[in-house]
Number of protein chains: 2
Amino acid sequence: MVAQMPRPAPAPTAAIIVIGDEVLSGKVEEQNARFLVRELRALGVAVRRIEVVPDVEDEIASVVRAAAAAHDHVFTSGGVGPTHDDVTVAGIAAAFGVPVVRDRYLADLIREVGGDRFFERDLRGADVPEGAVLLRGDGSPQARWPVVAMRNVYVLPGVPSILQRKFATIRERFRAAPFVSRQLYSRECEGAIADALDKAAADFPGVAIGSYPHLDAPDHRVLVTLDGRDRAAVEGACAQLLAALGPAIVRVE
Amino acid sequence: MVAQMPRPAPAPTAAIIVIGDEVLSGKVEEQNARFLVRELRALGVAVRRIEVVPDVEDEIASVVRAAAAAHDHVFTSGGVGPTHDDVTVAGIAAAFGVPVVRDRYLADLIREVGGDRFFERDLRGADVPEGAVLLRGDGSPQARWPVVAMRNVYVLPGVPSILQRKFATIRERFRAAPFVSRQLYSRECEGAIADALDKAAADFPGVAIGSYPHLDAPDHRVLVTLDGRDRAAVEGACAQLLAALGPAIVRVE
């Protein structure tokens, strides 16, 4: 029996789109998706898709278009800069059917910061999809470089340290109700506990239940995870599994 | 001027589909895509897409269907096993419009290996999309567990050590002509070298040219990468960039 209580609204969802041949060729270890996944999780946002796509405008456009329609927030990483392989802005503009335009605030900032190391080509960094807004963040010095947002698509750079600084200036915009999580460690294998997991998954549809074999763990064979936004439901599913599996559960966290 | 020589055929392409809520929630650091990217690169296969999707049959089905149509090879990781959250096989079957059927060879193997630790639910590991084939690899002991392949989709597990062992038994199937790569290190910033990169990219369309700022490197500001299957074209693009950029290039690898 599941108590009929009002449930929290589902978590806002997000997609992360990593743009870069260098990731697909294995030259660079991807760090930005894993950073954003952890940040968004902590903010209460459910990441539902990560995609790594090459530096190809058409492919970026179709992936961005689909992600922007399917998710509350979309974050892109990479492909912004002055060289020929930087086509993210063009791809996002194409996704929304708008032209690329040069933003005057960004152009002035690029000239000013560049000083005597400024090149005309650097102004490509001031190109944005028409209709984009500049999020100037929290007013701190690192927020001097705004984040470009086109509707629900946030354009972030590929260099991890800069991506992290820029995300920090906008992160509070995305804060939602936190997730509640429990972990159960089972000394029995997946085959032995699968029926109990089926029942809990059916009885508590708002709780995501995951089952992960740990082959090399000293004291357990399976990690069972429970996640949701409704604390009562997560605790209820946890209690049901403990009752059903009894001594199979080594510990709960 | 680009010499008109016969060019090698384009590299075979691949997509990697990682299935797992645990990656999207940041609980597990994804290792399988990065392993497969490196392996496939070394084999001469161009990975063109990586997607991380949740444990949801419909989403797996649509991603697999699109990837199988767009790429020569598709590799899935995760979502195979006896529990409710293992829905990869059902998703792949749905992608191709076929039912899930139980494979007798796999069922017998699971019973035999399970011995007195066998559970009926473990037989879900013998479920395959109808029409799938079992690739028994190279006959070595670790190849006893075959890789399930549904047309051009290869089904691999989520546990990294097992995925790596299974992939090793089939890797030679995918070997193609190797990539040729060069790296140029520029002490000038991207804005200063962008025009020369534009020209090389236009003159050598079969060579992928990447430009990556390295903010913290002691002796250079930008790494320029050249990749292709045609050695003469890659060397030609490299020579053209060296001639155009001259003293800006710190070294070539």
Can you pull out the residues in segment A:41-54 that are in a helix (DSSP H, G or I) and within 16 Å of residue B:52 (Cβ to Cβ)? A:41
If a residue must be among the aliphatic types (A, V, I, L, M) and in contact with a Ser or Thr (Cβ under 9 Å, 6 or more places away or on another chain), how many such residues does segment A:17-52 contain? 9
Looking only at segment B:204-221, filter to residues that are farther than 15 Å from residue A:21 by Cβ and aliphatic (A, V, I, L, M); which one of those is modelled with the highest pLDDT? B:217
Taking only segment A:55-77 into account, find how many residues are assigned to a loop (DSSP other than H, G, I, E, B) and surrounded by fewer than 23 Cβ atoms within 10 Å (Cβ to Cβ). 3
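The rows are residues; the columns are (1) away from chain A (no Cβ under 14 Å); (2) β-branched (Val, Ile, Thr); (3) in contact (Cβ under 8 Å) with a residue 40 or more places away in the chain.
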site	(1), (2), (3)
B:47	no, yes, no
B:88	no, yes, yes
B:116	no, no, no
B:129	yes, no, yes
B:135	yes, no, no
B:150	yes, no, yes
Every residue in segment A:157-169 that is under 28 Å from residue A:229 (Cα atoms) and touching a Gly at 6+ places or on another chain (Cβ under 6 Å), please. A:169
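Quick grid of which residues meet (1) more than 26 Å from residue A:46 (Cβ to Cβ); (2) of a type outside the set (Asp, Glu); (3) not assigned by TED's automatic domain parsing to the domain that holds residue B:123:
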site: B:44; (1), (2), (3): yes, yes, no
site: B:47; (1), (2), (3): yes, yes, no
site: B:57; (1), (2), (3): no, no, no
site: B:71; (1), (2), (3): yes, yes, no
site: B:77; (1), (2), (3): no, yes, no
Pick from segment A:172-205 the residues that are touching a His at 6+ places or on another chain (Cβ under 8 Å) and hydroxyl-bearing (Ser, Thr, Tyr): which of them is nearest to the other protein chains (Cβ to nearest Cβ)? A:186
Taking the stated definitions as given, is residue A:210 without any contact (Cβ under 8 Å) to a residue 12 or more places away in the chain and surrounded by 18 or more Cβ atoms within 10 Å (Cβ to Cβ)? no
In segment B:1-26, which residue that is modelled with pLDDT under 90 and not aliphatic (A, V, I, L, M) is nearest to residue B:74 (Cα to Cα)? B:10
Would you call residue A:121 buried (at least 17 other Cβ atoms within 10 Å of the Cβ) and either within 12 Å of chain B (Cβ to nearest Cβ) or in contact with a Cys (Cβ under 6 Å, 6 or more places away or on another chain) (or both)? yes
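Results for (1) without any contact (Cβ under 8 Å) to a residue 24 or more places away in the chain; (2) more than 8 Å from chain B (Cβ to nearest Cβ); (3) of a type in the set (D, E, K, R), shown as yes or no for each residue.
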position: A:12; (1), (2), (3): no, yes, no
position: A:15; (1), (2), (3): no, yes, no
position: A:29; (1), (2), (3): yes, no, yes
position: A:36; (1), (2), (3): no, yes, no
position: A:50; (1), (2), (3): no, no, no
position: A:67; (1), (2), (3): no, yes, no
position: A:72; (1), (2), (3): no, yes, yes
position: A:77; (1), (2), (3): no, yes, no
position: A:84; (1), (2), (3): yes, no, no
Selection from segment B:152-165 of residues more than 23 Å from residue A:25 (Cβ to Cβ) and either facing another protein chain (nearest Cβ under 10 Å) or touching a strand residue (DSSP E or B) at 6+ places or on another chain (Cβ under 8 Å) (or both) yields B:155, B:157, B:158, B:159, B:161, B:162
Qualifying residue in segment A:96-110 (condition: touching a Lys or Arg at 6+ places or on another chain (Cβ under 9 Å), modelled with pLDDT of 95 or more, surrounded by 21 or more Cβ atoms within 10 Å (Cβ to Cβ) and not acidic (Asp, Glu)): no
Do any strands (runs of 3 or more DSSP E) lying entirely in segment A:120-232 carry at least 2 residues that are within 21 Å of the chain's Cα centre (by Cα), and which ones are they? A:133-135, A:147-150, A:153-156, A:180-186, A:208-213, A:222-228
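The values are calculated or read from the model by the stated rules, or taken from the named source; none is laboratory data. What you see is a predicted model, and the numbers here were worked out from it, not measured in a lab. Heads up, the Cβs are rebuilt from the backbone with ideal geometry, glycines too, and the neighbour counts pull from every protein chain shown.
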